[in-house]
Amino acid sequence: MSQAEQSLLQFGMQLMSRLDTAQVVIDLYIMAILACIWMVKDTLARQKTVLSVMPYIGLTLVFVSIGPLLYLVVRFYQSQRDDK
């Protein structure tokens, strides 16, 4: 596996240095925050604890789309298991 020439933090700072790419990053994190709010509300509506959604929120804050996607997949399989 090859090594990266710059850290993830440096890459993020480089993206934020230009207005057009900064807009994309800001939009992604707004979407991430909305997804986190939805995951918490959905978890509470399904009468589960907020702690059960924390790993997905952590993934969302770091990788943006991975957390909500994984949450939806796990939620689907849990609902399939609960229906049986």
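State the label only: which of (i) 66; (ii) 76; (iii) 69 corresponds to percent of Cα pairs over 15 Å apart computed from the shown model? Here the calculated entry is (i). Could you identify which residue out of S65, S17, S52 has the top mean-square fluctuation in a GNM of the chain using Cα springs shorter than 10 Å? Judging by the Gaussian network model, the answer is S17. Taking 7 Å steps out from each Cα toward its Cβ at Y29 and A45 produces label points 2.8 nm apart. By the count of neighbouring beta-carbon atoms within 10 Å, fewest first, V25, V64 end up ordered V25, V64. With a cut-off of 16 Å, note down the residues of region 62-79 whose backbone N falls inside the zone around a label point 7 Å from the Cα of M16 toward its beta carbon. So the set is 62-64.
Read-outs: derived from the displayed coordinates by stated rules, not from any lab. Please read these numbers as outputs of a predicted model, since none were measured by experiment. Glycine gets a Cβ as well: all are built from the backbone with ideal geometry, and neighbour counts include every protein chain shown.
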